Amino acid sequence: MMITKRGFGITELLVVLALAGLGLAVVLPAAATMRAEGRCAAGARHMVGTFRKLRSQSVALRRYRGLYFHKESERWMFSTVEDGNGNGLRTAEVRDGTDPVLEGPFRLEDMIGSVRPGFPFDAVRELPPGSGWLGNLQDPVKFGRSNIVSFSPLGRSSSGTLYLTDGVDRLYAVVLYGPSTRIRVWRYRRADQRWVMR
């Protein structure tokens, strides 16, 4: 057995290096998973904060404000918009400039890593109390027929859901309950195909 100058044998050093390598092999994937989970949760929190800010502005300014979602080059963008003629927010009026864009367009993944509107899976269960499967997984912005999340001067809002993903295996839903403007965040657990409130 060879002994180093400090008294450790090569065998002991190899055992220590092997244990350190094994520890890293266990810790690094777990750290990457936690980081990805943290990014998706941060994306959901960012959208919750944006919704709350727009609701407050709508009440304070006594004007409809909201977010207009649209696709550019296969990526979802959103802009802050305001009612320009007193009849609420309308997609056609946002497009023709009657309801002006105040900020944006923004891409969520530019703000929060790889998080964006979308679905990472081919099949996803409905949010509770639903028990079926979601239809049209090409549209992660589900606020009625339009892609506008609208907040009224009276503090009410559109009802709907924004689905966020990291594009790999994380899925979050930011749910806005219209008249009450209550906001809930749900996380999808693929292993047992169910939603868990965060």
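Every number here is computed from the coordinates shown, using simple stated rules; none is lab data. What you see is a predicted model, and the numbers here were worked out from it, not measured in a lab. Note: ideal-geometry Cβ built from the backbone for every residue, glycine included; neighbour counts use all protein chains shown.
Take each of the peptides 149-160, 51-62, average the number of other beta-carbon atoms within 10 Å over its residues, and list them starting from the highest.
Values: 149-160: 19.4, 51-62: 15.6.
My ranking of the peptides, most packed first, is 149-160, 51-62.
The structure-derived value of semi-axes √(5λ) of the Cα gyration tensor in Å appears in the list [x] 25, 23, 17; [y] 46, 19, 15; [z] 40, 17, 12 under the label [y]. Relative to the dominant Cα principal axis of the chain, helix 10-61 is inclined by about 10°. For the stretch 98-114, 3J(HN,Hα) computed residue by residue from phi via the Karplus equation (6.51, -1.76, 1.60; θ = phi - 60°) reads 4, 9, x, 7, 8, 8, x, x, 10, 10, 4, 5, 6, 8, 10, x, 9 Hz, glycine and proline entered as x.
Annotation for TYR177 and LEU22: the two label points, set 7 Å from Cα along the Cα-Cβ direction, are 5.0 nm apart.
Highest GNM mean-square fluctuation among THR80, THR91, THR11, for the chain modelled with Cα contacts below 10 Å: THR11.
Grab the beta carbon distance between ASN136 and GLU12, set R0 = 41 Å, and tell me the FRET efficiency rounded to 0.05. That gives a FRET efficiency of 0.10.
Between the amide H of SER159 and those of GLY178, distances stay under 5 Å, these residues lying 5 or more places away or on another chain, with hydrogens modeled in the peptide plane.
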